[in-house]
Amino acid sequence: MSRRPIGIFDSGVGGLTVFREIRRRFPHEDIVYFGDTARVPYGPKSRGTVIDYSVQNARFLRQQGAKIIVVACNTAASVALPTLERSFDVPVIGVIEPGALAAEKLTRRHRIGVIGTEGTIRSGAYQKAIQRLYPAAEVIAQPCPLFVPLAEEGWEEHPVARQIAAEYLAPLLEADIDTLVLGCTHYPILKQTLRQVVGDHIALVDSAEAVSTWLVDMLPHSESEGVGRDEFFVSDNEEKFRRLASRILDSEVDRLQQVSLGETWYVEHPITPEERA
Ligand code: DGL
């Protein structure tokens, strides 16, 4: 059982920030990563579409033998987790709960900012997860759609990135948050710029780190198993993935293949109208 890989999926390359943390924590685990580069971005897409894509992605990972599925994409995790949990016979974990828990541990005044894609913020998933842990918490949420292209362009420390970050974060700073959740795969790449904008007194929660910490509790005996093999799959644009991956991981990816998910529509557990709404 434990020789089977950990499966991770994302809408594209950003989930490698999650892969990076999990690989660091689990040097001996085999990992299969799927980046849906044909259909990225998920951030602006509707809930139902993101759920459909997520089920396909998870199904692909199960076909690769994944013993656990990590939903690295915050947008996917924020809308598709209940459907995925219901549809698969292995544990499915997303970045939302671990990120919310990490924020609750760090906050002193329970004034928490959350930034993410439009889809993640619109879903209210982080807001609800934080308020489940501490109902009186004040959660101020802000979509930051321009951060993803800035990170992919390699402009994470460009003055333009600082200016945009200052605009996006102004309402959160005005609201006097003491903790900020980086609720998107790409935002850890912008951490230095975000730190400069918010200053030292605000705690930053990296949801990629938080989910890898969470996984430690779920896979306690992993250290002695597996051979630490990585396999990457994408649905399009292998070369772009390779280029961005080498920047995010600071090393080249070897085993990378392009696959088509076209034939794998999964309707065994149809999405309920409530989930799609
Ligand atoms: N992976 C997405 C997330 O974490 C960001 C990129 C996208 O919009 O697909 O929400």
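Set side by side, the residues 18, 32, 90 differ, and just one is away from the ligand (no atom under 12 Å from the Cβ), modelled with pLDDT of 95 or more, within 16 Å of the chain's Cα centre (by Cα) and closer than 19 Å to residue 226 by Cβ, which is 32. Considering (1) within 16 Å of the ligand (Cβ to nearest atom); (2) outside any strand (DSSP E or B), say which one residue 9 fails and leave the rest. With respect to (1) within 16 Å of the ligand (Cβ to nearest atom); (2) outside any strand (DSSP E or B), residue 9 is out only on (2).
Going by the structure shown, is residue 102 within 11 Å of the ligand (Cβ to nearest atom), surrounded by 19 or more Cβ atoms within 10 Å (Cβ to Cβ) and under 24 Å from residue 128 (Cβ atoms)? Judged against the criteria, residue 102 is not a match. With the structure loaded, tell me whether residue 59 is more than 9 Å from the ligand (Cβ to nearest atom) and among the charged types (D, E, K, R) or whether it fails that test. So residue 59 passes the test. In summary, helices (runs of 4 or more DSSP H) completely within the range 105-196 and bearing 1 or more residues that are within 21 Å of the chain's Cα centre (by Cα), surrounded by fewer than 22 Cβ atoms within 10 Å (Cβ to Cβ) and away from the ligand (no atom under 16 Å from the Cβ) occur at 125-133, 159-174. Restricting attention to the range 62-86, the residues that are crowded, with 20+ Cβ neighbours inside 10 Å, more than 16 Å from the ligand (Cβ to nearest atom) and under 19 Å from residue 49 (Cα atoms) add up to 1.
Could you please let me know if residue 88 is in contact with a strand residue (DSSP E or B) (Cβ under 9 Å, 6 or more places away or on another chain) and closer than 27 Å to residue 122 by Cβ? Considered against the rule, which asks whether it is in contact with a strand residue (DSSP E or B) (Cβ under 9 Å, 6 or more places away or on another chain) and closer than 27 Å to residue 122 by Cβ, residue 88 comes out as yes. Among the residues of the range 35-47, the one identified as of a type in the set (A, V, I, L, M) and either surrounded by fewer than 20 Cβ atoms within 10 Å (Cβ to Cβ) or more than 9 Å from the ligand (Cβ to nearest atom) (or both) is 38.
Checked against (1) of a type in the set (Ser, Thr, Tyr); (2) crowded, with 18+ Cβ neighbours inside 10 Å; (3) in contact (Cβ under 8 Å) with a residue 60 or more places away in the chain, residue 213 meets all criteria but (2). In this structure, residue 213 does not qualify as out of contact with any Lys or Arg (no Cβ under 7 Å at 6 or more places or on another chain) and either among the charged types (D, E, K, R) or assigned to a loop (DSSP other than H, G, I, E, B) (or both).
The values are calculated or read from the model by the stated rules, or taken from the named source; none is laboratory data. All of these numbers come straight from a predicted model, not from anything done at the bench. Note that each Cβ is placed from the backbone with ideal geometry, even for glycine, and that neighbours are counted across all protein chains shown.
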